[in-house]
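Contents: one structure, followed by commentary.
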Amino acid sequence: MSQDIDIAYMLDTNVLYDWLYAYIPQIKLNDPYYKNNPHKWNNFQKRLIGVKQFMEKNENVIYIPDLVWSEFLGVMLHKDMDVSGDHHKLKLHFRLLLGVVQQMEAVIQNNPNIKVFSPQSESFTSSPYANAAELVTDLDLVDQRLFNQLKNIGPDKQKIKEKFLDGMDAVIVTYLDGLAAKHPEQRIMLYSGDYRMFIGFPRVRTYWRRYGFSQNTGAIFSSFADIRTKNGTRHPASVLTEASVKMLGIL
Amino acid sequence: MSTPLSILFMDDEPSNDIIANARERLAEQGFDVDFVSTMSSAIEAYYEKFYDVFILDIDMSHLPDDQEGDGVKVLKRFVSLHNQTKVILFSGAGTVQHWFSAANAHCFGYIAKDQQDGELDSIHLLIEKIKQAAKSTTSVRANTSTAPTHALLITDDKSLATQAISQIQSTLGENWTNEIISTDAWSKNPPDSSQYGIITCLQAKFSTRARVKQQLQAILANSPAPQTIIACDGLDTERNSILYIANQHPFRMVDLQHPQWQQSFADALSAAVNWYGKQEIFTADADTLSRIHITLPEDVQSAGHDDLSETDMESLYTDYESAVKENQDNKDESL
């Protein structure tokens, strides 16, 4: 008989984007990417429903790093600000967008399982920024296997560029490490919509074990609001059991 | 030259003398005023143009409208869309229930059309309230500290105090301690409000003494830390004092005349703890959100999985299981 284990999640920024879209999917209706492809539109809708359910129905603890929340707000509000009209046009845009963000804040505030944390609130023993700088400057981090995996992502097999742990991603990974170190009783899964992060995370965890990277960590691709096991059954991410975790081999 | 203050003015009696007069005097102030006579138009306008202040009538039954309800319903809708929206109710037909529900929906102001303050008429009071709203810089920065588990009850009524303490204990639990103080003692020597998570002022009728009003105003100015709950008798005869309090932005107002006031008080206590140090957020309904049409940054639009090919998406499950296997292999390797 399977036994529930204490799995907690830590969000990547892209999950917050999807969660926001889940409140206002109509704004993507005229996007040519979806408008001309009902199949993609349906998949998009399913993904948003999955993320919204994950955020609002989940009974496990969900940690949101302060870094992730502020990166989300910064990108949403201050990247690509529309200055084509007058000042009031921009303020209207801010107000409407904040109206949607406010819905998310209400869920965060009212759900005791969702916790926004900072290195200070969790008493991290070292700076996640310094650790992140070390992580991305380690020449051996991207090994041959990860290199091959990254090379094969996407439709263009002749591509010349890929990305991994770019921007704030390395800091997010070190936040996960710091958080997991403070909660050894929990298994903390990075819940991310970044396929590269999902593919590459196991390498970070195992390779950096020598520097003390917390091993009670893992990564889940947010497209899988539920997780398919090897025998084909699916487990909602919110109710992972010891048995399913062993079967998935994610820890 | 600064942009004039933009105002949306909603009233279903545009030819009424007070409304015509108000529009004229607002224009004289240099405000940029758009006038609408239905709730539907006001709601539409919220999504189309930025307004610094919204002025809403309550009784909107004089003209046909697709929207049901009244101005308080529109207030709730606007605040649910953005809790910093400044709404002033300007009404001649508000009831006791409207006064309390408007305050609890966090209206910025409530002016009765027949209200007077000495020589000052209601339009003057409205203009002052608009100017106050424009200057108001409600901090959106949340106070992240948790509420001190200490409640202060200001009251002179022993019977009400007993009932209120019972509610505080049953709602907030054993961790919370209580302190009761009389209005007189409090107004003469008010304790430091920062040591309390919640301050409740419980008076059937408010004292009109200047000292009491001044102290009450001082406490309400510190909201949302501590959160302030005002409980009083909801009587027509007490309109001026109730509206005075409503205009000071308490966290909650509880009508002691209501048979279920103890339940309302308990709800107010729970919400006050939850929103300590923060501006309360009301969630918007699906229709309210479905009208939002905005453009988000390109990076965000392609976030997540959209840059993966369809083949990638189709084979994602297979890839996932491979990754799981890799993960397992790495785990074994590292042991």
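The values are calculated or read from the model by the stated rules, or taken from the named source; none is laboratory data. Bear in mind that the values here come from a model prediction, so they are computed numbers and not experimental data. Here the Cβ is made from the backbone with ideal geometry for all residues, glycine too, and neighbour counts use every protein chain on show.
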Task: Matching residues, region A:144-178, being charged (D, E, K, R) and crowded, with 20+ Cβ neighbours inside 10 Å - done: A:Asp169, A:Asp177
TODO: Could you tell me whether region A:229-245 includes any residue that is modelled with pLDDT of 90 or more and more than 18 Å from A:Phe54 (Cα to Cα)?
DONE: no
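One line per residue, one yes/no per condition, for (1) of a type outside the set (Phe, Trp, Tyr); (2) under 30 Å from B:Ser6 (Cα atoms); (3) modelled with pLDDT of 95 or more:
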position: A:Asn14; (1), (2), (3): yes, no, no
position: A:Tyr21; (1), (2), (3): no, yes, no
position: A:Trp41; (1), (2), (3): no, no, no
position: A:Asn58; (1), (2), (3): yes, no, no
position: A:Val68; (1), (2), (3): yes, no, yes
position: A:Met104; (1), (2), (3): yes, yes, yes
- [ ] Please verify whether region B:172-183 includes one or more residues that are in contact with a Phe, Trp or Tyr (Cβ under 7 Å, 6 or more places away or on another chain), touching a residue at least 24 places away in the same chain (Cβ under 8 Å) and surrounded by 13 or more Cβ atoms within 10 Å (Cβ to Cβ).
- [x] no
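Just to verify a result, which residue in region A:26-50, among those that are among the polar types (S, T, N, Q), within 11 Å of another protein chain (Cβ to nearest Cβ) and not in a helix (DSSP H, G or I), is farthest from A:Leu97 (Cα to Cα)?
Of the residues in region A:26-50, the ones among the polar types (S, T, N, Q) are A:26, A:30, A:36-37, A:42-43, A:45.
Remaining after also requiring within 11 Å of another protein chain (Cβ to nearest Cβ): A:26, A:30, A:37, A:43.
Pick out the ones that are also not in a helix (DSSP H, G or I) and you get A:30, A:37.
Working: A:Asn30: 18, A:Asn37: 26 Å.
The qualifying residue farthest from A:Leu97 (Cα to Cα) is A:Asn37.
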Task: Hits in region A:128-161 (condition: within 17 Å of A:Gly193 (Cβ to Cβ) and not aliphatic (A, V, I, L, M)) - done: A:Gly154
Task: region B:74-98, residues that are more than 14 Å from chain A (Cβ to nearest Cβ), more than 19 Å from B:Ile292 (Cβ to Cβ) and not aromatic (Phe, Trp, Tyr) - done: B:Ile88, B:Leu89, B:Ser91, B:Gly92, B:Ala93, B:Gly94, B:Thr95, B:Val96, B:Gln97, B:His98
Open item on the list: Would you confirm whether or not region B:65-79 contains a residue that is farther than 30 Å from A:Val101 by Cα, free of Cβ contacts under 8 Å to residues at least 60 places away in the same chain and among the small types (Gly, Ala, Ser)?
Closed with: no
Task: Those residues of region B:218-241 which are assigned to a strand (DSSP E or B) and either of a type outside the set (A, V, I, L, M) or under 10 Å from B:Ile199 (Cα atoms) (or both), in sequence order - done: B:Gln227, B:Thr228, B:Ile229, B:Ile230, B:Cys232
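For (1) part of a loop (DSSP other than H, G, I, E, B); (2) modelled with pLDDT of 95 or more; (3) surrounded by 19 or more Cβ atoms within 10 Å (Cβ to Cβ), each residue gets a yes or a no:
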position: B:Leu243; (1), (2), (3): no, no, yes
position: B:Val254; (1), (2), (3): no, yes, yes
position: B:Ser270; (1), (2), (3): no, yes, no
position: B:Asp287; (1), (2), (3): no, no, no
position: B:Met313; (1), (2), (3): no, no, no
position: B:Tyr320; (1), (2), (3): no, no, yes
position: B:Asp332; (1), (2), (3): no, no, no
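Scan A:Val75, A:Val61 and give me the residue that is touching a residue at least 60 places away in the same chain (Cβ under 8 Å) and within 11 Å of chain B (Cβ to nearest Cβ).
Details: A:Val61 fails: within 11 Å of chain B (Cβ to nearest Cβ).
From the options A:Val75, A:Val61, the qualifying one is A:Val75.
Just checking: which of the helices (runs of 4 or more DSSP H) contained wholly in region A:82-156 hold 1 or more residues that are more than 22 Å from A:Phe72 (Cα to Cα) and touching a residue at least 60 places away in the same chain (Cβ under 8 Å)? Steps first, please.
Values: elements: A:87-110, A:128-136, A:144-151.
Helices (runs of 4 or more DSSP H) meeting the threshold: A:128-136.
Take A:Leu135 and decide whether it is surrounded by 14 or more Cβ atoms within 10 Å (Cβ to Cβ), under 18 Å from the mean Cα position of the chain (by Cα) and not acidic (Asp, Glu).
no
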Task: Condition met for B:Met1 (under 25 Å from the mean Cα position of the chain (by Cα) and either away from every other protein chain (no Cβ under 13 Å) or modelled with pLDDT under 95 (or both)) - done: no
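Looking at region A:82-114, which of its residues are at the interface with chain B (Cβ under 9 Å from one of its Cβ atoms), loosely packed, with under 15 Cβ neighbours inside 10 Å and over 24 Å from B:Glu280 (Cα atoms)? Write out each step before concluding.
Step one: list which residues in region A:82-114 are at the interface with chain B (Cβ under 9 Å from one of its Cβ atoms), which gives A:82, A:86-100, A:102-103, A:105-107, A:109-110.
Subsequent filtering for residues that are loosely packed, with under 15 Cβ neighbours inside 10 Å retains A:82, A:86-87, A:89, A:110.
Across region A:82-114, the qualifying residues are A:Asp82, A:Asp86, A:His87, A:Lys89.
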Task: Hits in region B:80-107 - residues which are touching a residue at least 40 places away in the same chain (Cβ under 8 Å), more than 19 Å from B:Ala268 (Cα to Cα) and surrounded by 21 or more Cβ atoms within 10 Å (Cβ to Cβ) - done: B:Leu81, B:Lys86, B:Ile88, B:Phe90
